[in-house]
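A.B. asks: Dropping a structure here in structure tokens format, bear with me for questions.
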Amino acid sequence: MAPFPNTIAQSGVGSAVSVYMRHVYQWMTAGLALTTVVAYGVAGTPAIRDAILGNSLVLILLVVAQFGLVIALSAAIHKLSAGAATGLFLLYSALTGAMLSSIFVVYPIASIGTAFLVTTGTFLAMTVYGTVTRRDLTGLGNFLFMGLIGIIIAMVVNIFLQSSMMNFIVSCLGVLIFTGLTAYDTQKLRRFGEAAPLEDGTAIRRGAILGALTLYLDFINIFLMLLQLFGGNRD
């Protein structure tokens, strides 16, 4: 009779992970959809596009707001209501869309579509790997985080150098780093989901929003790095 309680426990854990990850992917998809709609809408409305992309102060304020929202969600997620956490995530997605509207001006639509499809395939492959692998990716995550700090510093330096070679190297490394982070973050989120209290809908919702933000950032960064690598510019 001993195996029976263990089977129930394992089933409960599997159910918790399944429910949690389903919410994560649903909200991540919602965020990406909102970002796409806003980006396309802003790019197609010259008055709004010029007001955002043509004004340095507005761009700075948008960047500051984005960082502020990420910090607020990450640091205060347990203090926020489920509705507030959801609202902040959707607001961040919309602001990101406004910032990304420039890609419709800079890159051909075919290149954007290709980069998106490659990003989707890469993301799906790595999130599946993060789900099925039995290897502990914690050490890999620490290494990738250090690499992320490195490419951020390189990007800041390249603002002044304007080196096409450094931009190419940073983009290549960025694809590798965020691809690895997708697998690492998926495994980390699944472990979190194992302890998710199914009876607490608010906790599930807040945790799912934070997980959605994490994978959303991985996806967006892979997309932007790939777009820089082979996007090409409009003539």
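A.B. asks: Does region 129-145 contain any residue that is outside any helix (DSSP H, G or I) and among the acidic types (D, E)?
C.D. replies: yes
A.B. asks: Another question, if that's okay. Just checking, which of S111, S101 is small (G, A, S), within 25 Å of Q66 (Cβ to Cβ) and over 18 Å from the mean Cα position of the chain (by Cα)?
C.D. replies: S111
A.B. asks: Scan region 56-65 residue by residue and report those that are surrounded by 12 or more Cβ atoms within 10 Å (Cβ to Cβ) and more than 21 Å from the chain's Cα centre (by Cα).
C.D. replies: V58 - this is the single residue of region 56-65 that is surrounded by 12 or more Cβ atoms within 10 Å (Cβ to Cβ) and more than 21 Å from the chain's Cα centre (by Cα).
A.B. asks: Restricting to region 41-50, name every residue that is surrounded by 13 or more Cβ atoms within 10 Å (Cβ to Cβ) and among the hydrophobic types (A, V, I, L, M, F, W, C).
C.D. replies: Residues satisfying the conditions are V42, A43, I48.
A.B. asks: Only one residue in A85, A39, A75 is among the hydrophobic types (A, V, I, L, M, F, W, C) and free of Cβ contacts under 8 Å to residues at least 12 places away in the same chain. Which one?
C.D. replies: Answer to the selection: A75.
A.B. asks: Identify, please: which residue in region 126-136 is over 15 Å from the mean Cα position of the chain (by Cα) and closer than 11 Å to T186 by Cα and is, among those, surrounded by the most Cβ atoms within 10 Å (Cβ to Cβ)?
C.D. replies: G130
A.B. asks: Which one of these is assigned to a helix (DSSP H, G or I), surrounded by 13 or more Cβ atoms within 10 Å (Cβ to Cβ) and over 16 Å from the mean Cα position of the chain (by Cα): V24, V38?
C.D. replies: V38
A.B. asks: For region 139-181, enumerate the residues that are at negative phi, surrounded by fewer than 12 Cβ atoms within 10 Å (Cβ to Cβ) and of a type in the set (S, T, N, Q).
C.D. replies: Across region 139-181, the qualifying residues are N142, S164.
A.B. asks: In region 66-106, how many are among the hydroxyl-bearing types (S, T, Y), crowded, with 16+ Cβ neighbours inside 10 Å and not in a helix (DSSP H, G or I)?
C.D. replies: Of the residues in that region, 2 qualify.
A.B. asks: Still on this structure, please answer the following. For the structure I just gave you, tell me whether M166 is touching a residue at least 12 places away in the same chain (Cβ under 8 Å), among the aliphatic types (A, V, I, L, M) and in contact with a Gly (Cβ under 9 Å, 6 or more places away or on another chain).
C.D. replies: For M166, the condition - touching a residue at least 12 places away in the same chain (Cβ under 8 Å), among the aliphatic types (A, V, I, L, M) and in contact with a Gly (Cβ under 9 Å, 6 or more places away or on another chain) - is not met.
FYI, it's all coordinate maths here, none of it is from the lab. These numbers were taken from a predicted model, which means no experiment stands behind them. Quick reminder, even Gly has a Cβ in these numbers, built from the backbone with ideal geometry, and neighbours come from all protein chains shown.
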